[in-house]
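Some notes on the structure that comes next.
The values are calculated or read from the model by the stated rules, or taken from the named source; none is laboratory data. Keep in mind that this is a model prediction, so the values were computed, not measured. Methodologically, a virtual Cβ is constructed for each residue, glycine included, from the backbone with ideal geometry; neighbour enumeration extends over all protein chains shown. Accessible surface is based on the protein model in full, side chains and every heavy atom, while ligands, DNA and RNA are left aside. Shrake-Rupley method; radii C 1.70, N 1.55, O 1.52, S 1.80 Å.
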Amino acid sequence: MILTIHWTTASISIYICRGSGSRVICDSDLFVNYREMRSEKYVPLFETKGARGLVLYRSFAATLFVGVCLILFYRVSNMPRDGEEGRWVWIGLLGAELWFGFYWVLTQALRWNQVYRLTFKDRLSQRYEKDLPRVDVFVCTADPVIEPPIMVMNTVLSVMAYDYPPEKLAIYLSDDAGSDLTFYALLEASRFAKQWIPYCKKFDVQPRSPAAYFESKFPTGDGGGQSQTMDFTAIKNLYQEMEDRIETATMLGRIPEEARLEHEGFSQWDSYSSKRDHDTILKILIDGKDPCSTDTDGSALPTLVYLAREKRPQHFHNFKAGAMNALIRVSSKISNGQIVLNLDCDMYSNDPLTVRDALCFFMDEEKSHDIAFVQFPQWFANVTKNDLYSSSFRVISNVEFHGTDGYGGPLYIGTGCFHRRDTLCGREFSQDSKIEWKKHDDNRIQQSVHELEEETKTLASCTYEQNTKWGNEMGLKYGCPVEDVITGLSIQCKGWKSAYFNPERKAFLGLAPTTLPQVLVQHKRWSEGDFQILFSKYSPAWYAHGRISLGLQLGYCCYCFWASNCLATLYYSIFPSLFLLKGISLFPQVSSPWFLPFAYVIFAKYIYSLAEFLWAGGTVLGWWNDQRIWLYKRTSSYLFATIDTILKTLGFGDTAFEITDKVADEDVSKRYEKEMMEFGATSPMIEILSTLAMLNLFCLVGAVKKAIMNESIDRLHETMPLQILLCGVLVLVNLPLYQGLLLRKDKGRMPCSVAVKSSLVALLVCTAFSFL
């Protein structure tokens, strides 16, 4: 027997041969290749690593907890007796501090066990390139006026150009307005895609949203050279021509007659009455299975589908959740992708490899069987340098969601999320939940596109869901403005887990609000929806008890309690300042040992907050803006969210869904870029903010004036330092409000009526309180 070893840098081949002399026979059955042996060894498609410094942070949190307990002990042990001045406000401060302490404990669940993910896309390609699953992408729009069709088309084009086999990719646009303008824009985009997709692949374009890409003055990509410069100019001209046609039609409010005659899809609007009363409109603009559907290079194109589900005035349509459920059913008939990505219409793909990142979590041989969805962070492209309205959610995206991931996965936030289709359809977790990716075949019956469209329309009818499990046990849940959160929670309560992936290159970029009223309305909608969950059957306090980990349960509660922060914050923003004006101390003096826990908690909490914000990629001024918006949303958005939730719980009022306006006036945009706060028209929330700002200004000026007149300015610093600090910080935070009320002359200033009303109310309160 002869043992022969053949060594190369790639492999080791071992041959066991029999015979001697010139007659040597190598037994092929005994051939062993090291590369094959190595391939049999499990190599993960993703890794999970714990955050560094957790022990140090937990020690720091323990010291803060001790400080909070000492503050509460001080409040109880030093409470004024019955009949003494300030007793009731003291009790109110104790209640506010109890709430702040309780809520701070809740937030520790978001920082106690952070984990970070790393994917290996090269390993995915090596193992599964020929067996990648079908992926369906859902893009939802609801109003062509506040969600411009050209913006929506950029989102659609960015995902059509994914670095993914086009025959396994399908894009669905749900148009809840049923607008022929949106359909016309999608038709134009489908034609432009035949040029755009080859260009992206040829020059490795990033990002693949045409509008975002063409914002650069020069072509960017890996192709380079004179050839790309010429192609760049040509493709940019094509895009601008398409953009002009879409925006002209949008501005005029009608489709060019030649376009209507050219494409038979517009005939589906012949029976159209209004966006709340029309038949199902379904059109497959590109059939990825049709060999004739190719781009200019002859390569296949992804499937592209337009859907406007049927609506009737007598049938409630369940907003975005209803649109998503219609898409789930319709897509199951057309492409039936095992993986579903849903995006808001302004959230374009910023990385063509994102879909492969997500698949690393679904296709790992040993760790993927219990992962139901993969959530990416929600980032925005138009955030200013110092994040004027705190729209980037830096701490949530870079810190808190990593904390929820350590306890079984993040929340589903309604966009930038990849789902397993079967979990969206209600499947419960079991040990045999692993998908056999290689066994998935295309089982669609061969039929014409027209036959398929007609057969599938019934799945999007307004009566289809009657007497079914849709909206309850199947699909997205109904009955809440934040349907995404309760849907994700219910999936996790069925035994599934989720994963949070925050790649270095942002996966998706959207549009943030550019005015303060828009920001406040958006936060009201989110906080109201989360607060409603707390009182619903899906409350994490009882529905999730015993079904998910305690850490994740507390994490959900942290967001559900957003709105209830309003009362404690309002109390702290009003009464210490009023009692400062009256000269009554509510906090320990500098000479008192009880001053130390207050000083430590305040100093440590805000130093850590600043460090955390800077670590998350922010700036010092950005952190200050974040503190301002924190105060504004707690004293206005959360207040109205709490009131509305209580009224709806008692049966007064209906659930509504408010769409954030994606259109900004040119003057508004210029002021936004200069980081000038935009107030615009009056609203109850703006009036509350301006009144609180003026009240604190009057209190601070009044207290200082009284101290100067009584020659007791030094005593003021000794006896009431924390009240002066609190009132002074509130005044500094509100500087943009004072500018809008008193100094600015542009259109973004406060209306004069608001300035007069807020000043009079604040002055009246201060005067009345001083004489009580």
(message) Any residue at all in the stretch 245-259 that's at positive phi, open to solvent by 10 Å² or more (accessible area, probe 1.4 Å), touching a Gly at 6+ places or on another chain (Cβ under 7 Å) and not β-branched (Val, Ile, Thr)?
(response) no
(request) Say whether the condition of being part of a loop (DSSP other than H, G, I, E, B) and either acidic (Asp, Glu) or open to solvent by less than 40 Å² (accessible area, probe 1.4 Å) (or both) is met by at least one residue in the stretch 724-731. (result) no
(request) Considering (1) surrounded by 15 or more Cβ atoms within 10 Å (Cβ to Cβ); (2) assigned to a loop (DSSP other than H, G, I, E, B); (3) touching a strand residue (DSSP E or B) at 6+ places or on another chain (Cβ under 9 Å), say which one Lys457 fails and leave the rest. (result) (2)
(request) Please specify each residue of the stretch 241-255 satisfying the condition of being of a type outside the set (D, E, K, R) and either touching a Leu at 6+ places or on another chain (Cβ under 8 Å) or touching a residue at least 24 places away in the same chain (Cβ under 8 Å) (or both). (result) Met242, Ile246, Ala249, Thr250, Gly253, Ile255
(request) Collect the residues in the stretch 125-149 that are part of a helix (DSSP H, G or I) and open to solvent by less than 20 Å² (accessible area, probe 1.4 Å), keeping them in residue-number order. (result) Pro149
(message) I need a count of the residues in the stretch 542-572 that are open to solvent by 10 Å² or more (accessible area, probe 1.4 Å), under 25 Å from Gly95 (Cβ atoms), hydrophobic (A, V, I, L, M, F, W, C) and not in a helix (DSSP H, G or I).
(response) 3
(request) Hey, can you tell me all the residues within the stretch 588-606 that are under 13 Å from Leu93 (Cβ atoms) and modelled with pLDDT under 95? (result) Pro588
(message) Which of the numbered conditions does Arg87 fail, given that it passes all the others? Conditions: (1) at pLDDT 95 or above; (2) closer than 22 Å to Phe587 by Cβ; (3) basic (Lys, Arg).
(response) (1)
(message) Please go through (1) in contact with a Gly (Cβ under 7 Å, 6 or more places away or on another chain); (2) at pLDDT 95 or above for Arg749 and return the number of the only condition it doesn't satisfy.
(response) (2)
(request) For residues that are more than 25 Å from the chain's Cα centre (by Cα) and open to solvent by 20 Å² or more (accessible area, probe 1.4 Å), tally how many sit in the stretch 114-124. (result) 2
(message) Of the conditions (1) within 25 Å of Lys506 (Cα to Cα); (2) out of contact with any helix residue (DSSP H, G or I) (no Cβ under 6 Å at 6 or more places or on another chain); (3) open to solvent by less than 10 Å² (accessible area, probe 1.4 Å); (4) assigned to a loop (DSSP other than H, G, I, E, B), Tyr162 satisfies every one except a single condition; which number is it?
(response) (2)
(message) I'd like the full set of residues that are part of a helix (DSSP H, G or I) and surrounded by fewer than 16 Cβ atoms within 10 Å (Cβ to Cβ), limited to the stretch 260-292.
(response) Leu261, Glu262, Glu264, Ser267
(message) Looking at Gly680, Gly740 in this structure, which one is assigned to a loop (DSSP other than H, G, I, E, B), in contact (Cβ under 8 Å) with a residue 40 or more places away in the chain and surrounded by 14 or more Cβ atoms within 10 Å (Cβ to Cβ)?
(response) Gly680
(message) Any residue that is farther than 29 Å from Ile146 by Cα and in contact (Cβ under 8 Å) with a residue 24 or more places away in the chain - is there at least one of those in the stretch 515-534?
(response) yes
(request) Please determine, by comparing only the residues of the stretch 494-521 that are in a helix (DSSP H, G or I) and open to solvent by 20 Å² or more (accessible area, probe 1.4 Å), which one is farthest from Phe120 (Cα to Cα). (result) Pro517
(request) With the checklist (1) at pLDDT below 90; (2) in contact with a helix residue (DSSP H, G or I) (Cβ under 7 Å, 6 or more places away or on another chain) in hand, flag the one item Glu687 doesn't pass. (result) (1)
(request) Check Leu610 against each of (1) touching a residue at least 24 places away in the same chain (Cβ under 8 Å); (2) more than 18 Å from Glu97 (Cα to Cα); (3) not in a loop (DSSP other than H, G, I, E, B) and name the one condition it does not meet. (result) (1)
(message) Quick test of your reading of the structure: Ala707 fulfils all but one of (1) within 28 Å of Asp626 (Cβ to Cβ); (2) open to solvent by less than 20 Å² (accessible area, probe 1.4 Å); (3) part of a helix (DSSP H, G or I). Name the failing condition by number.
(response) (1)
(message) If Leu186 meets every condition in (1) open to solvent by less than 10 Å² (accessible area, probe 1.4 Å); (2) at pLDDT below 95 apart from one, which number is that one?
(response) (2)
(request) Those residues that are modelled with pLDDT of 80 or more and of a type in the set (D, E, K, R), I need them from the stretch 697-730; list them, please. (result) Lys705, Lys706
(message) Please determine whether any residue of the stretch 60-70 is closer than 30 Å to Phe376 by Cα and within 36 Å of the chain's Cα centre (by Cα).
(response) yes
(request) Give me the pairs, please: first residue somewhere in the stretch 175-191 and farther than 15 Å from Glu247 by Cβ, second residue anywhere and part of a helix (DSSP H, G or I) and among the hydroxyl-bearing types (Ser, Thr, Tyr), beta-carbon distance under 7 Å, and either six or more positions apart or on two chains. (result) Asp175/Thr182
(request) Go through (1) surrounded by fewer than 18 Cβ atoms within 10 Å (Cβ to Cβ); (2) over 36 Å from the mean Cα position of the chain (by Cα); (3) at pLDDT 95 or above and name the single condition Ala762 misses. (result) (1)
(request) Just give me the residues in the stretch 522-541 being assigned to a helix (DSSP H, G or I) and of a type in the set (A, V, I, L, M), in sequence order. (result) Ile533, Leu534
(request) Hey, can you tell me all the residues within the stretch 463-479 that are in a loop (DSSP other than H, G, I, E, B), over 17 Å from the mean Cα position of the chain (by Cα) and buried (at least 19 other Cβ atoms within 10 Å of the Cβ)? (result) Glu465, Gly475, Lys477, Tyr478
